[in-house]
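Q: This is the structure I have questions about; it appears just below.
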Amino acid sequence: MTVQETVKTYKNFIGGKWLSSSTEKVKPSTNPANKDEIVGYVQISSEEDVDQAVEAAKLAKKSWRKLTGAARGNYLYKAANIMESRLDEIAETMTREMGKTFPEAKGETARGIAILRYYAGEGMRKTGDVIPATDSKALMYTDRVPLGVVGLITPWNFPVAIPIWKMAPALIYGNTVVIKPAEDTAVTAVKVIECMEEAGFPAGVVNLVTGRGSVVGNRMIHHPDINGISFTGSNQTGKLVAEGAIARGAKYQLEMGGKNPIIIADDADVDAAVEATISGGLSSTGQKCTATSRVIVQEGIYERFKERLIARTKELTLGDGMKENVYMGPSANEGQLNTVLSYIEKGKAEGATLVLGGNRPKDPELQNGYFVEPTIFENVKSDMAIAQEEIFGPVLALIKVDTIQKALELANDVSFGLSASIFTKNIENAFEFIDEIDAGLVRVNFETAGVELQAPFGGMKDSSSGSREQGEAAKEFFTSIKTVFVKP
Ligand code: ADP
């Protein structure tokens with residue numbers, strides 16, 4: 001491949017050094033809003049590179065775990081400050097690499113910084129309990145100890161927040177890390193790691209290897225010296241992670257798909273419900289695992305809600321996320337665009353009625369990117385593919401129901417259970433929903449997307465496996481419990 005001299009090449013970070021892959025091959029990371037623009041070249045790494053990174057992480061683990069939590073926290077605080085000073089640059093890289101709008105990318109980078117600070121503080125909080133022993137002279141207590149080396153495999157949809165919400169807890173609880181970011185957002189990931197390098201983490205504590213999932217990710221799953229794997233991505237790959245981890249007795253944690261419903265009850269505030277549906281379903285081009293995709297609306301409010309939703313969606317501007325006033329950027333890559341377009345075709349073929357969008361935009365300025373119009377279907381039946389399968393695009397499926405009980409039944413009628421929301425003023429409806437819904441994140445009068453970093457994040461059914469991420473809950477995955485009994 002001929003490399004354009006003016007575009008920077010980014011390397012792996014292994015044992016505290018920036019290294020080219022042993023394959024000596026690089027790959028361009030391109031802008032989905034303008035596919036001719038190369039954001040940077042990244043390494044196409046080999047299994048050997050993974051082995052080298054794991055070796056470095058193994059060498060570093062003893063001295064890292066011996067530091068106090070407060071000392072480890074200081075590295076996270078420093079990384080947060082450095083990232084804050086580079087916020088705009090990192091956010092711009094994110095927008096250019098995966099297409100979300102610049103304000104969204106800035107918000108996500110700020111979130112990454114906040115997560116680093118949250119877990120830096122966690123280094124000063126308790127790691128165990130004293131439990132009364134039956135022997136009056138003995139002291140019995142628990143302590144949380146690190147797993148050792150952890151492997152982190154991350155997707156492209158939150159290229160800063162997800163790597164950080166896995167790395168920060170892994171590190172604060174004393175693990176060393178090998179991370180493999182998605183190929184599409186590897187430049188953004190390198191910039192996050194640059195902040196950590198500048199913060200002075202000891203060599204080998206944080207290692208980054210970029211490349212293909214089937215090579216780099218696969219080697220991580222099967223590497224005998226990786227003690228735990230935390231993964232976010234598709235259900236298909238998640239299954240491979242679980243199988244590989246089980247086969248060698250490693251711990252694993254999976255965050256996968258969603259097919260998140262929003263229920264609009266007859267008594268809902270229409271304007272608020274419409275705004276939440278748009279923000280939950282169409283921001284980030286529908287590419288959030290918590291994105292709203294099924295809009296289950298009670299018949300008394302249906303027409304008013306639909307009209308308002310269509311009118312507001314028509315006002316949204318599609319375009320390059322670096323431009324001002326753009327609400328929705330492109331799909332993150334060509335494969336994703338094709339997936340979205342094929343689901344739109346399936347929706348039509350299965351008999352749903354297309355009421356808005358459904359095509360690639362005609363605007364000449366958008367022809368070089370992976371853009372698709374915000375799309376709304378109605379007359380959607382629960383068993384249609386667009387109501388059952390994760391699309392990961394700006395496609396909303398409207399389902400009309402007569403009762404809240406029917407709405408609840410349909411809301412649960414999918415294999416996923418990540419996030420769910422209801423808009424209602426009726427407290428009985430709200431509590432029935434909270435009680436009945438099979439979802440890890442439950443919202444009343446709030447959109448399905450968006451999470452708080454200090455609270456547990458994860459889903460039920462096919463959406464997640466293993467313990468929750470984020471907040472204090474992250475401790476469960478990244479540590480083991482030692483129960484200690486001391487008799488003088
Ligand atoms: P998405 O459809 O969101 O890209 P993937 O599951 O394909 O979801 O990707 C999520 C992460 O998993 C990425 O970092 C990707 O490179 C990695 N990955 C993909 N295939 C494999 C695999 N066979 N083994 C391990 N990791 C993989």
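Throughout, read-outs are computed from the coordinates displayed, never taken from laboratory work. These numbers come from a predicted model, not from an experiment. No Cβ is skipped: glycine too gets one built from the backbone with ideal geometry, and neighbour counts run over all protein chains shown.
Q: I'd like the orientation of helix 102-122 relative to the chain: the angle between its Cα long axis and the longest Cα principal axis, in ° from 0 to 90, rounded to 10.
A: 40
Q: Roughly how large, in nm² to one decimal, is the mean projection of the convex hull of the alpha-carbon atoms in the chain?
A: Averaged projected hull area, Cα only: 24.6 nm².
Q: So, in nm, how far is label residue 383 from label residue 446 when the simple model puts each one 7 Å beyond its Cα toward the Cβ?
A: About 3.6 nm, to one decimal.
Q: Provide the percentage of antiparallel DSSP beta bridges, counting only those with both residues in the chain; round to the nearest 5.
A: 40
Q: With a bin width of 10 angstrom, please list the P(r) values of the stretch 304-411 as percents of all Cα-Cα pairs, from the 0 bin to the one holding the largest distance.
A: 14, 43, 32, 10, 1
Q: For residue 266, list long-range residues whose amide hydrogen, built 1.01 Å from N in the peptide plane, is under 5 Å from its own amide hydrogen.
A: HN-HN under 5 Å from residue 266: 298.
Q: Can you list residues from other chains, or at least 5 along the same chain, whose modelled amide H is less than 5 Å from the amide H of residue 9?
A: Here 41 satisfy the definition.
Q: Let me ask another. Please give the helix 334-349 orientation as an angle from the longest Cα principal axis of the chain, in degrees from 0 to 90, rounded to the nearest 10.
A: 40
Q: Let me ask something else. For q = 0.12 Å⁻¹, what log10 I(q)/I(0) does the stretch 155-205 give under the Debye formula with an equal point scatterer on each alpha carbon and no solvent?
A: Log-scaled intensity ratios, in q order: -0.24.
Q: What does the charge count near residue 412 come to, summing +1 for each Lys or Arg and -1 for each Asp or Glu among other residues with Cβ under 10 Å from its Cβ?
A: Numbers: positive: 461; negative: 409, 413, 436, 438.
Here the count lands on -3.
Q: How large is the helix-only mean residue ellipticity at 222 nm for the chain, computed as the sum of -39500 (n - 2.57) over DSSP H runs with n ≥ 4, divided by its residue count, in deg cm²/dmol to the nearest 500?
A: Dividing the helical sum by the residues of the chain leaves -12000 deg cm²/dmol.
Q: While we're on this one: What is the antiparallel percent of DSSP beta bridges lying wholly in the stretch 1-151, to the nearest 5?
A: Of the beta bridges lying entirely in the stretch 1-151, close to 85 percent run antiparallel.
Q: Right, here's the next one. Give me the distance in nm between label points sitting 7 Å out from Cα along the Cα-to-Cβ direction at residue 239 and residue 88, one decimal.
A: Result for the modelled spin labels: 4.7 nm.
Q: Among rounded, prolate and oblate, which fits the stretch 361-488 when a ≥ b ≥ c are the square roots of the eigenvalues of its C-alpha gyration tensor, a/c under 1.5 means rounded, and a/b larger than b/c means prolate? Kindly include the intermediate steps, with their values, before the conclusion.
A: Working: a/c = 2.62, a/b = 1.54, b/c = 1.70.
It is oblate, given that a/c is not under 1.5 and a/b is not larger than b/c.
Q: Roughly how far apart, in whole Å, are the Cα centres of the stretch 1-31 and the stretch 288-347?
A: Going from one Cα centre to the other spans 35 Å.
Q: Further question on the same structure: Pop a pseudo-label 7 angstrom from the Cα along the beta-carbon direction at both residue 114 and residue 6 and give the gap in nm to one decimal.
A: 3.8
Q: Separate question: So the label point goes 7 Å from the Cα of residue 63 along Cα→C-beta, right? Which residues of the stretch 10-38 then have their backbone N under 20 Å from it?
A: Answer for the stretch 10-38: 13-19.
Q: What percent antiparallel are the DSSP beta bridges of the stretch 370-488, to the nearest 5?
A: Roughly 30 percent of the beta bridges in the stretch 370-488 run antiparallel, per DSSP.
Q: Tell me, how many Å apart are the Cα centres for the stretch 61-105 and for the stretch 348-426?
A: 35
Q: Next up: Going by alpha carbons, how many degrees (0 to 90, nearest 10) lie between the helix axis of 235-247 and the longest principal axis of the chain?
A: That works out to roughly 30 degrees.
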